[in-house]
């Protein structure tokens, strides 16, 4: 007879309570960590509103169950490596406002053939938690030593599983934290401000389709275009009202007409001015190839 088998019923029940407490404690740690990871894995919105966005996400996940959290984690964070990111559900876009706007999402890419198995494994953790909290005594009655020994064996296996899953989640969270620190370091890189705001890199040829000034000209077309053509002076007036100051000089051009010419993305034509004095420039985007 082993030492465990020789213990009294009360001692066995105490051993069960101790193991159950450890399981529940690690599960609670897992749930807290999962809430933090979900709340912080993405940011989207105007720069001056990011703090509020983070607080709202923390509040959103604060009262969700482990099952709800795992479901969102497997949908939003744990993704097949071939999956395309869906759009952020945030009102207002940088194309609409041309204000300082940030979109960041972290995810865990998993090979297609392993994704379903990993999701099932996480769901099994939810099932284990529900089994422990809601059905444990039904499955493992503690009125005799046989039931107690079975319960202890089950709890030892359960504790091993929840500890392994907690360590897995901890490793994911650490990698996300490190990625955010790396991003902060990147943001200190000289010249990054011009790249983020204006779409240009010092010392490199201008990639016109990705520049902010071209985006602005195209955005204005949608608002001021007449039969597909837009008056350049009117476009300039609207762009100057944007929070971000956009000037041809930033792109080493002497005029807006030169921007249109250098980008090779627009057609232009000169028309008599509406005032009857002089001529004015109209432009339209070229058809996509």
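The values are calculated or read from the model by the stated rules, or taken from the named source; none is laboratory data. Keep in mind it's a predicted model, so treat the numbers as computed, not measured. Glycine also receives a Cβ, built like all others from the backbone with ideal geometry; neighbour counts cover every protein chain displayed.
Tell me, yes or no, whether segment 151-167 has at least one residue that is outside the structural domain of residue 215 (by TED's automatic domain parsing), closer than 29 Å to residue 23 by Cα, modelled with pLDDT under 95 and in a helix (DSSP H, G or I). The answer is no; no qualifying residue exists. Being modelled with pLDDT of 90 or more, within 30 Å of residue 41 (Cβ to Cβ) and either in contact with a helix residue (DSSP H, G or I) (Cβ under 8 Å, 6 or more places away or on another chain) or outside any helix (DSSP H, G or I) (or both), is that true of even one residue in segment 175-192? Yes, some residue in segment 175-192 is modelled with pLDDT of 90 or more, within 30 Å of residue 41 (Cβ to Cβ) and either in contact with a helix residue (DSSP H, G or I) (Cβ under 8 Å, 6 or more places away or on another chain) or outside any helix (DSSP H, G or I) (or both).
Quick check: anything in segment 210-218 touching a strand residue (DSSP E or B) at 6+ places or on another chain (Cβ under 8 Å) and not assigned by TED's automatic domain parsing to the domain that holds residue 39? Yes, segment 210-218 contains at least one residue that is touching a strand residue (DSSP E or B) at 6+ places or on another chain (Cβ under 8 Å) and not assigned by TED's automatic domain parsing to the domain that holds residue 39. Residue 248 fulfils the conditions (1) surrounded by 11 or more Cβ atoms within 10 Å (Cβ to Cβ); (2) in contact (Cβ under 8 Å) with a residue 60 or more places away in the chain; (3) closer than 23 Å to residue 197 by Cβ except for a single criterion, (2).
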